[in-house]
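A.B. asks: Take a look at the following structure, please.
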Amino acid sequence: MQSLKSNALEPDLSDIQQQGLQGAVRRAARLIPSYGVVLLTLALIVLFSVLLPQTFPTWTNARLIMGNQAVTALLALAVMIPMVAGKIDISIGYGVVLFEILSVSLQTQNHLPWPVVIGIVVVLGALLGVVNAMLVELARIDAFIATLGTGTVVYAIALWYTNGQQVIGALPPSFFRLSGGNLLGLPLPAVYVLVLSVVMWLALDHTPVGRYLYAVGANPEAARLNGVNTRRYIVLAFVASGVITALAGVILASKLRIGQIGVGLDYLLPALVAAFLGSTTIRPGRVNVWGTLVGIVILAVGISGLQQLGGAFWVEPMFNGLTLLVAIGLAGFAGRKRSAVKRLPPLPSTDLPSQPGTPGKGEPQ
């Protein structure tokens, strides 16, 4: 049973091939759903810049947004990989809690150096991905239910491990620099997000692995009949999600400097919102890296602007929830529109250039 239905095949180009004014109008209209969220993000930036000219359009505010949203962006990129393969991974919100706590406790209580701790946490993240994949592929449990169950178990382990208390202790300054440093004026966490985004974009859009993942997400049975090892790619997707979640836990620990049991779930909803919203822009109907980053940016800009305008404490979850509903609605609309376009009859052959060796308009048959 599929948790998500992807429309991740190559786009229909019939309207682009159409010539004349009608074709130009259709090409322009095609850009609106592709870049509507981007335009809305720019509109929000302009709006808050006008309303808050002293605080919002500043480099300090931009750096603050980039630094604060880096963990959410990492988790959004983590959750979008299984979504490409037609699955969903809810365990990221729970896993980041355990990985954040382990990143602190293994240093303060077990006196391990932080590079070793990162290695241990990454291995545990990969194991969590393997468990999720086995439940989904071998036990044939729906991905939403399976990852919700494993996430809850992981959260229970974190509660048992900490006895529900904060984990505190002396951490090395070099560990703090993982989240507090800068590169070319950008906060290091934002640099991590940018590097990971480029790597994922290259892998998903420019390698056979990415094409196979999209094919599995679009139609796993067709992919299997064409020789794609669907099980292998779904395992790969969950393992990649677990590893990125573990790295997000390390960055979060470096930022907070203590182990807190209740912080991870705050990141789950924004990460899901960004991934769903990302499937409605840049390449509507297709989960994609740059669309996910646009989803993160519009959430960050909206929440930052509302908070600077004096929004109450409930504004952030309200904004995230409403944006999730809008994102899912737009994703469904984009999917239905793509399906409707595919059902349209082919364009008249008179509008298309004749192919070599085939008769064109007015030519003898």
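A.B. asks: Select from the stretch 31-66 the residues that are over 30 Å from residue 181 (Cβ atoms) and open to solvent by less than 70 Å² (accessible area, probe 1.4 Å) and write down the one among them that is modelled with the highest pLDDT.
C.D. replies: Taking the candidates together, the pick is 43.
A.B. asks: Okay, next question. Report the residue count in the stretch 206-219 for those that are open to solvent by 40 Å² or more (accessible area, probe 1.4 Å) and assigned to a helix (DSSP H, G or I).
C.D. replies: Final tally of qualifying residues: 5.
A.B. asks: Those residues that are assigned to a loop (DSSP other than H, G, I, E, B) and at pLDDT 90 or above, I need them from the stretch 92-139; list them, please.
C.D. replies: Answer for the stretch 92-139, where residues must be assigned to a loop (DSSP other than H, G, I, E, B) and at pLDDT 90 or above: 112, 113.
A.B. asks: So, one more: Give me a count of the residues in the stretch 89-117 that are open to solvent by less than 40 Å² (accessible area, probe 1.4 Å) and either under 19 Å from residue 253 (Cα atoms) or of a type in the set (Ser, Thr, Tyr) (or both).
C.D. replies: Count: 19.
A.B. asks: For the stretch 157-175, check the following and say yes or no: at least one residue is within 30 Å of residue 63 (Cβ to Cβ) and without any contact (Cβ under 8 Å) to a residue 12 or more places away in the chain.
C.D. replies: So far as the stretch 157-175 goes, yes, one or more of its residues are within 30 Å of residue 63 (Cβ to Cβ) and without any contact (Cβ under 8 Å) to a residue 12 or more places away in the chain.
A.B. asks: What pairs can you find where one residue is in the stretch 222-233 and touching a residue at least 24 places away in the same chain (Cβ under 8 Å), the other is of a type in the set (Asp, Glu), and their Cβ atoms are less than 6 Å apart, with a gap of 6+ or different chains?
C.D. replies: Pairs that qualify, where the first residue is touching a residue at least 24 places away in the same chain (Cβ under 8 Å) and the partner is of a type in the set (Asp, Glu), are 231/137.
A.B. asks: Now, a different point. I'd like the full set of residues that are hydrophobic (A, V, I, L, M, F, W, C), touching a strand residue (DSSP E or B) at 6+ places or on another chain (Cβ under 9 Å) and open to solvent by 60 Å² or more (accessible area, probe 1.4 Å), limited to the stretch 139-171.
C.D. replies: Within the stretch 139-171, just 168 meets the criteria.
A.B. asks: While we're on this one: Looking at the stretch 178-205 only, could you name the residues that are buried (at least 18 other Cβ atoms within 10 Å of the Cβ) and β-branched (Val, Ile, Thr)?
C.D. replies: 193
A.B. asks: Next question, about the same structure. Going by the conditions given, is residue 228 more than 24 Å from residue 127 (Cβ to Cβ) and modelled with pLDDT under 90?
C.D. replies: Against the criterion (more than 24 Å from residue 127 (Cβ to Cβ) and modelled with pLDDT under 90), residue 228 qualifies.
A.B. asks: Let me ask you something else. Based on this model, can you work out whether residue 136 counts as open to solvent by less than 30 Å² (accessible area, probe 1.4 Å) and either in contact with a Cys (Cβ under 6 Å, 6 or more places away or on another chain) or not aromatic (Phe, Trp, Tyr) (or both)?
C.D. replies: yes
The values are calculated or read from the model by the stated rules, or taken from the named source; none is laboratory data. The model shown is predicted, which means the values in this text are computed figures rather than measured ones. Here the Cβ is made from the backbone with ideal geometry for all residues, glycine too, and neighbour counts use every protein chain on show. Ligands, DNA and RNA are excluded from the accessible area calculation, which covers all protein heavy atoms including side chains. Shrake-Rupley method; radii C 1.70, N 1.55, O 1.52, S 1.80 Å.
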